Each structure stands twice: as structure tokens, then as C-alpha cells.
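These notes concern the structure reproduced below.
The values are calculated or read from the model by the stated rules, or taken from the named source; none is laboratory data. Just so you know, these numbers come straight off a predicted model, no measurement behind them. A quick note on method: Cβ atoms are made from the backbone with ideal geometry, for glycine too, and the neighbour counts reach across all protein chains shown.
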Amino acid sequence: MIRRNFVTSLLSGAAATVVAHAASDKSLKNSPTVSDRNIPDILVTNQEGKEFHFYSDLVKDKIVMINFMYAQCEGICPTMTSTLVKVQRALGDRVGKDVFMYSVTLKPEQDDPKAFRHYIQMHGVGKGWNFLRASRADTDLLRRKLGFVDSDPKIEADINQHTGMVRIGNDAINRWMACPASVPSDSIVRRVLWVDPANDTRRV
Amino acid sequence: MSNQTDLSKRSFLRFAAGSAATAAVLETTASTAAAAQTPLTSPATTPWVQSLPVPNAVGGAAIAAVASGSGCEKALPNFNGCTCPTGETTNATHQALAACPPMDAYEIDIRTIQHKWHPKLPASEMFGYGGTVPGPTFMAKYGRPFVVRFHNNMTAPTKGNFSIPQTAIHFHNLHAPAESDGYPDDYIPQGTYRDHHYVMYQAGKDTLREVNNTMWYHCHRHDFTSHNVYRGLAGFFLAFDELDSGDEKDSNPKALRLPSGYGKYDLPIVFQDPMFDASGQLAFDPFNTDGIIGDKFAANGAIQPFLNVDRRRYRFRFLVGSVSRVWQLHLSQADPKTDKPLKDLAWTAIANDGNLLPKAVSMPNLLTSPATRHDVVIDFSQFKKGDVLYIENRMEQVNGRGPTGTILPAGSGRVLKIIVGDLPSQLDSSLPVAVGRALRPAPPVPVSSAKFTGTRRNFKFDRGNGVWTVNGIPVDLSKPSFTIPKNGGPEIWTLSGSGGWWHPIHIHFEEAIILTRDGKPTPFANEVNARKDVFLVRGSETIEIYYQGFRDFTGHYVMHCHNTVHEDHAMMLRWDIA
Ligand SMILES: [Cu+2]
């Protein structure tokens, strides 16, 4: 809730201040890479064919881990998924209860619920971890909003160089971070614990 | 009907424009990328309406010196160099405590505070060492070891989508034992404290040459460094020795008698580029992994302040405290009536990264980047009352990749306005610093790296699959990437970039001297025989640096990009000394 109000005020305020700021010189140009911090409420479908609104059903007030993948990937995805499976096992029954894992396909044209179910079985993915697909346009929108975009158009266009980051956040307290899925799984588990304010008073 | 068709159709209604691209193409273009981002524009602020704040020095209200003499146990109960049941939560054994008994003890209270960046902006929710932004300035002396107890009394932020109320504290780049170096995983949980021990002796006990004078301390919390430094966790740390004694009237013939008098004629200034949301709160973007470029220029936590100066010599200690921005600082005289630029003045640079140079050099401008320090001396007696100068950042930069390549014209990027006033009430006792004046000798450097037979290590700063890496590997603090033998002698390291990204690389613990940039001597006069701890790798450049060795202490240290957004997204590497 806090975040959404923030976005609204940000957008309405921006228009009002543009003119006043126009006199400032070029070196003070703002970053074109600053996102509007709005996690889009796009429609997504999971491995069971169930539909969700991404933000309001899956992220709002929750601790989440979000990565991007596709089932046929022979690059970084298999390792990424197997590391995240270890993370899931370490978190145990918290996954699906107070920590939610989402893998969003980069190839929505290929990855239908059946392909997801096959992938889940093949990698030993447990319960409480949703594999999601959105439309092509929504997939790209979500990826950009989460910061997994490359400013080099050549790299951005090359599916083999797709993001290997995991976005970790706690929407309830608006604390967001990201780490590579290629680091040891126990260090990813620690990062999930770091976005939980219950752990602010201790080392985990 | 397949799920896919169904999905596409429904999405079409919601994102009509985007769905035109629903055809199965993987390519995305820069224009669609841009469409998904909303630039943030901070509220307008009037420049030059507030004076340059100066952080309190140690001994002021924020920090209490609680003891003198060697009895730190009495001063800081439970200071036993290891796990403390009431607070310290890592089992730090202070390896040099017996050898360097502390003579002073300090306590620092770290709090969540309200800070006004500008009179017209509401206060922003910040973190503050000692409850201020910047934090209080430590004034230390070589030969006088001390301990600090850091109390984390921060509350979780209620504004913004960034920060964690925990901190690791790095004294950048003090020669500190590993357990007091602010290693990223040695963070202090909320409601607890941690004790650091600073030995205050020079690397290799080279009391003449290995002295660091202008340093800073800042949060190094693993993965949250960009968030927390941006939210205020930074301050200056100045150290004095026989040459740089902080006393311009010093009768010691070795004393350089540089302009002195903390806060008056010896001024530390941290430059930053914050940005604010429409309500005037400090804004950040944790979803940006390239780097944060703000749209306000601030000095010591104030947006575009002014400074009234006396007509005498001053020492300025510049620090870039930005998250990602590269700066090029110019000293520009302006017409007091029209504010139009009149002429540029050269800087007289006396130090690089806080280390006095072998001799003072003239610099047309100062290229600088996050964590780098530049000390300069300006003699305002050459001006007349009412003259106006500006410190300007003319480097154009619009994203985290690096500068655009455009150097903006004079009059652009004004950060600080300097107004020349009267003669000082007391005569200037500092000695003149003409270009070429000898300052501090540099430690020995080999004639050529080609003949060097010692250990070499190479590091490539790269990006793959959206992940920042060193030698292709993202950060893993669980084990060292390599271990250096203590006192094992000189080493040459090379630092290389790629992909057009600029990386200010910081290596903890020891200072190094740049041998070459892209195989040639450095083109920057203030890098010649300069001991440095931040090396700005510009694009695919390769920098070769020379270390005297890794001396005196053992334990875990790190090297990382000081574009702290890169650092927080894995561009860091652990190395140990054993
Ligand atoms: Cu970098």
C-alpha cells in the first residue's frame, strides 16, 4: 500500500515540478534508468493453468523471490533452478506459506502449463513455487520493472545472455534487493531472511 | 482454446500498446525499455541559500571520549576482544589489542534521524552515525591506538523502498586488523553493538611514507551498502602525523604546516548526488542494477550550499560519496554580478586518496569517482573581497554505465559557491604550497613491471547474464578467492574493465601505486607515485598497480567496485591474508 501511494504521488508531482526544474543544467539530468517502482499487476498463469494478478495476488504484502527462466534453456537456467531448489528445501515449509517463489518464463510462446509441470518434475521442484507465464509484452514489462534489463541493446536482444538474477523482496515493508542465482544456495537463503524484519535484531 | 491465446487476448485489453509486440519475437528495443521507465525529477530547490555544513569533530556532542590510558575494559565494559554477551555478536578476536593498547575509547550511537537537505525540502528519513549526516569526523593521531563501540540503535525505515537497519563499518582505507575492517558480513544487528580496535600505526610501520591522512568511514553491510550509505551512513576520518600534524603553527621542523584548523581552514567536503520524490523525501531505486545517478548536487549533506572564506590559504579534503556518479571537478571564477563564468583556475593538489603526494601538482581539473579523495590547497589571498568562485562538476553522466564523454561548459554543474571575504583576523601561519613543493616521499616502486619477478594477480571486472562479476564469479563471502601470505613481499595486480562500463575499484587494507594505465604511464599528474586505494577503471582500460606487500595483520578483506550498486549486485571478491 505504501508503495502504491508513493508511485501515485511521484507521477502527479513530477509534472508539476518539471517546469521549475527546466532551468537546471544538463549535468543534472536524471537517470533514465530510474523505474517508477511499480510492480505491474499483469495477468499470469501458473503450471496448473490458474490465473493470477501478479502484484495483487502474488506479491502484495509478501516475501517473494522472483527469477526468469525458460524450460528449454540449455544455458544458465538448469543450474539456476537446481540452486533455487536447494534454497526451497532449506526454507522448508516456509515456502508457499510466508515465502513465495516465482519463476517467470522468458518464452511464454513455448512454456505452457504442461511444459512447466514437466520442468517441475524434472528438477524436483517442491510445493509452493509457482512457474508463471504472461503475454510477451507483459513478460518484458515485468522484467524491466524488476530491473532485469540490459542497457546494451545487443545483449538485451540475446536470449542466451538473459538475466541470472533473483529479485528478493518483502512488499509489506518495502525492502528490495537482488542477487545472482549462481551464488551458493545457503547465501541466497540468508538473503531471503534479510528481507524479513524479524531478523533485523540478529545475525542470520 | 489454448491458455496462451486466452492470455494474449486478455492482456491485449490491458496493455494495448505493448501487445502489438505479442508476435513471438525475442528482440526488445531500447525504445520499449525506455517506455517502461518513469524518470524521477526532484522538486526544484534554490541554490546558495544555505551555508556549507561542517560535520562535528570527535569530542563534540555526538561522540563522547570515555577514557584515556590503556584501561579500555573500564571505559567500555565487556571490551574483551571477543564475543560479548550483551552486544557484540561476532566472535572477533582483536589480534593487535595487546600490541597496541588503546589510549582512547569512543562510543557511537547510530540512529534513524530526520535530515534536511535543503531549507525548502521537508526532512528526509536518514540513518546517521552519531545521529548526523554526514557522521561526526574522527580526528586520530598516529601512535595513539583507540577503540570504538558502535551501537546500532537504528529503527527500520518507514519511507522509501531501500535500506536495512544494520551496518558494518569500514574505515576506508585505514590499516586495520581484519576484525575491525568492517567486513561486509561483520554487520551489527539492530539493538546490539560491536567494538572495533584501530592500531594507528602505518603499514609496515613505515612511519614516514605509509601514512594515510584523509579517509572516510561508511556502511559496508553486505548487499545493502548502496542503500545505507545513500541513506546517510558515512563520515570523515582524518589522521595526523608528524608531517601532516594539523597544526599550521607547529614548531617541529618536519611539519609541513598545511592550512589547519578543522572546520575553518581545513575543510572536509563530501560531494553527493541525491534525488527526491515529489514529496521531497530522499528517493532510491533498488530495482536499478546499473547505478544510481541523482539530480541534485550536495556538499556535506546540503544541496548547493555557499561558503564564505577569508583571504588566506585553505585546505579542502574532497570526497565523492555518490552511489555511482563520476565527477570532474573544476574551480571556476565567476562574475559576482552576473554569475557568468570568467575563468578557470587550476587546482593545487596535495594528496590522492588522502595520501600526501611526493610533491604538490597542478591539475586543470580533478577526475574523481565514488570513494576517491582529493586534497587541495587554495590561496584566497589572491582574490579580492566579493570575488565569487564555484566548484563545478562538468562531467556529464546520465546512467550507471559511466560518463557520456561530454564535458559540459564552464558554469555547468555548480556544486558549491565560494564567496571571498575579509582578511583573516589572525595572520595565516600555514606555509605556502607552490606546485612542486615536496610533501611526503613515496615508497619504492620498481623501475619497470617487466622486470618484476614477484606475485602477479589479474582481475577482470565484468558483467554476464545481468550479474556483476570479478573474474567471472559473483561474490561469495564463504571462502577466500585467494590467500596472500602476510608480509610476503611486493605484488603487481592488474585491474581490467569491459563492456564500456566504468568501475571505481576499491581494494581494502593496503595502498598501491599505479604503474600503468593501458600499458602507459598514467596521464594524471596526481596519480604519479601516488598511493591509492580506489582505481577508476574507465571502460575496457587495464590498470597495473604495485603493492609493497600485505603487512602486519591476518584475516578476511575484500575488493569490490565502489559503484555500490555494482558492489551490492555481486561485484566483490573476498581475499584473505594468512
Ligand atoms: Cu562497477
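So how many residues does region B:416-457 have that are among the basic types (Lys, Arg) and modelled with pLDDT under 95?
The first filter runs over region B:416-457 and keeps only residues among the basic types (Lys, Arg), leaving B:417, B:437, B:440, B:451, B:456-457.
Next, from what is left, pick out any that are modelled with pLDDT under 95: B:451.
Within region B:416-457, residues that are among the basic types (Lys, Arg) and modelled with pLDDT under 95 number 1.
Per-residue answers, yes or no, for (1) closer than 23 Å to residue A:83 by Cα; (2) within 17 Å of the chain's Cα centre (by Cα); (3) without any contact (Cβ under 8 Å) to a residue 24 or more places away in the chain; (4) buried (at least 24 other Cβ atoms within 10 Å of the Cβ):
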site	(1), (2), (3), (4)
A:116	yes, no, no, no
A:120	yes, no, no, no
A:166	yes, yes, no, yes
A:170	yes, yes, no, no
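Filter region A:142-155 down to residues that are at the interface with another protein chain (Cβ under 7 Å from one of its Cβ atoms) and buried (at least 21 other Cβ atoms within 10 Å of the Cβ) and give me whichever is nearest to the chain's Cα centre (by Cα).
Once the filter is applied, the top-ranked residue is A:146.
Cβ-Cβ under 6 Å, sequence separation 6+ or interchain: first residue in region B:492-505 and touching a residue at least 40 places away in the same chain (Cβ under 8 Å), partner hydroxyl-bearing (Ser, Thr, Tyr) and within 11 Å of the ligand (Cβ to nearest atom). Which pairs?
B:504/B:369
Need a quick list: strands (runs of 3 or more DSSP E) entirely within region B:498-578 having at least 3 residues that are within 14 Å of another protein chain (Cβ to nearest Cβ). Before you say what the answer is, go through the steps one by one.
Values: elements: B:503-507, B:512-517, B:534-537, B:542-547, B:555-561, B:572-577.
Filter on region B:498-578 gives B:572-577.
I'm checking my understanding of the structure. Among residues of region A:172-184 that are in contact with a helix residue (DSSP H, G or I) (Cβ under 8 Å, 6 or more places away or on another chain) and over 15 Å from residue B:570 (Cβ atoms), which one is surrounded by the most Cβ atoms within 10 Å (Cβ to Cβ)?
Filtering first and then ranking leaves A:175.
Hey, could you check region B:287-300 for residues that are in contact with a strand residue (DSSP E or B) (Cβ under 9 Å, 6 or more places away or on another chain) and in contact (Cβ under 8 Å) with a residue 40 or more places away in the chain and say which is nearest to the ligand (Cβ to nearest atom)?
Ranking the qualifying residues of region B:287-300, first place goes to B:289.
Tell me the residue from A:27, A:56, A:35 that is among the small types (Gly, Ala, Ser) and modelled with pLDDT of 85 or more, please.
Only one candidate qualifies: A:56.
Restricting to region B:262-300, and then to whatever is aliphatic (A, V, I, L, M) and under 30 Å from residue B:381 (Cβ atoms), can you tell me which residue is nearest to the other protein chains (Cβ to nearest Cβ)? Let's see the steps before the verdict.
Going through region B:262-300, the residues aliphatic (A, V, I, L, M) turn out to be B:267, B:269-270, B:275, B:278, B:282-283, B:292-293, B:298-299.
Restricting the remaining residues to those that are under 30 Å from residue B:381 (Cβ atoms) gives B:267, B:269-270, B:298-299.
Values: B:267: 23, B:269: 18, B:270: 18, B:298: 12, B:299: 14 Å.
Within region B:262-300, the match that is nearest to the other protein chains (Cβ to nearest Cβ) is B:298.
Taking residue B:467 and the conditions (1) surrounded by fewer than 16 Cβ atoms within 10 Å (Cβ to Cβ); (2) of a type outside the set (Ser, Thr, Tyr); (3) within 16 Å of the ligand (Cβ to nearest atom), which numbered condition does it fall short on, given that it satisfies the others?
(1)
Any idea how many residues of region B:477-508 are among the hydroxyl-bearing types (Ser, Thr, Tyr) and away from the ligand (no atom under 16 Å from the Cβ)?
Result for region B:477-508: 4.
For region B:301-320, indicate whether the set of residues that are in a strand (DSSP E or B), more than 16 Å from the ligand (Cβ to nearest atom) and within 14 Å of another protein chain (Cβ to nearest Cβ) is non-empty.
Narrowing region B:301-320 to residues in a strand (DSSP E or B): B:302-303, B:306-309, B:313-320.
Right, trim to more than 16 Å from the ligand (Cβ to nearest atom) and you get B:302-303, B:306-309, B:313-319.
Still in the list and also within 14 Å of another protein chain (Cβ to nearest Cβ): B:303.
Yes: one or more hits.
Conditions tested, residue by residue: (1) under 13 Å from the mean Cα position of the chain (by Cα); (2) assigned to a strand (DSSP E or B); (3) among the polar types (S, T, N, Q).
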site: B:184; (1), (2), (3): no, no, no
site: B:197; (1), (2), (3): no, yes, no
site: B:208; (1), (2), (3): no, no, no
site: B:211; (1), (2), (3): no, no, no
site: B:217; (1), (2), (3): yes, yes, no
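Residue B:429 fails exactly one of the following numbered conditions: (1) more than 22 Å from residue B:371 (Cα to Cα); (2) away from the ligand (no atom under 16 Å from the Cβ); (3) within 14 Å of chain A (Cβ to nearest Cβ). What is the number of that condition?
Residue B:429 satisfies every listed condition except (3).
Of the residues B:442, B:434, which is surrounded by fewer than 16 Cβ atoms within 10 Å (Cβ to Cβ) and either away from the ligand (no atom under 16 Å from the Cβ) or in contact (Cβ under 8 Å) with a residue 12 or more places away in the chain (or both)?
Numbers: B:442 fails: surrounded by fewer than 16 Cβ atoms within 10 Å (Cβ to Cβ).
After ruling out the rest, the residue left standing is B:434.
Counting just the residues of region B:549-573 that are in contact with a Gly (Cβ under 8 Å, 6 or more places away or on another chain) and away from the ligand (no atom under 16 Å from the Cβ), which one comes out nearest to residue A:191 (Cα to Cα)?
For region B:549-573, the residue satisfying everything is B:550.
Would you say residue B:392 is farther than 30 Å from residue B:443 by Cα, free of Cβ contacts under 8 Å to residues at least 40 places away in the same chain and crowded, with 20+ Cβ neighbours inside 10 Å?
Here the answer is no, as residue B:392 does not meet what is asked.
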